[in-house]
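Contents: one structure, followed by commentary.
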Amino acid sequence: MTEEKGSIRSRYKRIRADLGPEQRSVLSTQLTEQAMSFLSKRSEITAVHLFLPIVRLHEVDTTLLAKRLFESGHKLFTSVTDFSAKEMKTVSLAPDMTWEADEMGIPVPSTLEWVEREDVI
């Protein structure tokens, strides 16, 4: 029997909420190490598109990963929701960027540098 997407999403939201801050930090660090290990063996990957964590949803903290990726010379991108057009748009990230939460609590770079999806690679 397959579980519906909404049910799976709800289950994992509960699991994340049940983790304490220390556990979330350890898991976020482990994810960073695994991603950096993966990328160290794939020099052809020079650009990475990642999400920025919604704190109230206890999402994986990708800020350490972003810092490590910048240090290793990768180009970074994320998506920003254009609520009026009901679509996601790609933006370039910079190491010194600051963030602001949008109306949904999603971190958005304070300065947006729009990028065409084809130009990400």
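The values are calculated or read from the model by the stated rules, or taken from the named source; none is laboratory data. Model, not experiment: these values are computed from the prediction. Calculation scope for accessible area: heavy atoms of the full protein, side chains included, ligands and nucleic acids excluded. Shrake-Rupley method; radii C 1.70, N 1.55, O 1.52, S 1.80 Å.
Using a 1.4 angstrom probe with every protein chain in place, what is the largest-first accessible-area order of ASP102, ASP96?
Largest to smallest exposure gives the sequence ASP96, ASP102.
Just one of (1) 113; (2) 156; (3) 96 is volume of the Cα convex hull per residue in Å³ as worked out from the coordinates here. Which one is it?
Matching entry in (1) 113; (2) 156; (3) 96: (2).
Could you pull the accessible area for LYS5 with a 1.4 Å probe, rounded to 10 Å²?
LYS5 has an accessible surface of roughly 150 Å² with all protein chains in place.
Could you compute how much accessible surface HIS74 exposes when probed at 1.4 Å, giving the result in Å² to the nearest 10?
30
What are the aspartates and glutamates whose alpha-carbon lies under 13 Å from the alpha-carbon of LYS13, with same-chain residues fewer than 8 places away excluded?
Straight-distance partners of LYS13: GLU59.
Give the cross-link partners of LYS41 among the lysines, using a straight C-alpha distance below 20 Å as the criterion and excluding same-chain residues fewer than 8 apart.
Result set, ordered by chain and number: LYS67, LYS75.
Per residue of the chain, what 222 nm ellipticity follows from adding -39500 (n - 2.57) for every DSSP H run with n ≥ 4, rounded to the nearest 500?
After summing the helix terms and dividing by the residues of the chain, the value is -11500 deg cm²/dmol.
What figure, in Å² to the nearest 10, do you get for the accessible area of GLU113 with a 1.4 Å probe and non-protein molecules left out?
Rounded to the nearest 10, that gives 110 Å².
Membrane-span-like helices in the chain: DSSP H runs reaching 15 Å or more (Cα, own axis), mean Kyte hydropathy at least -0.5?
21-40
Using Cα positions and a limit of under 23 Å, work out the lysines in reach of LYS86, with same-chain residues fewer than 8 apart set aside.
By straight Cα distance, LYS86 reaches LYS5.
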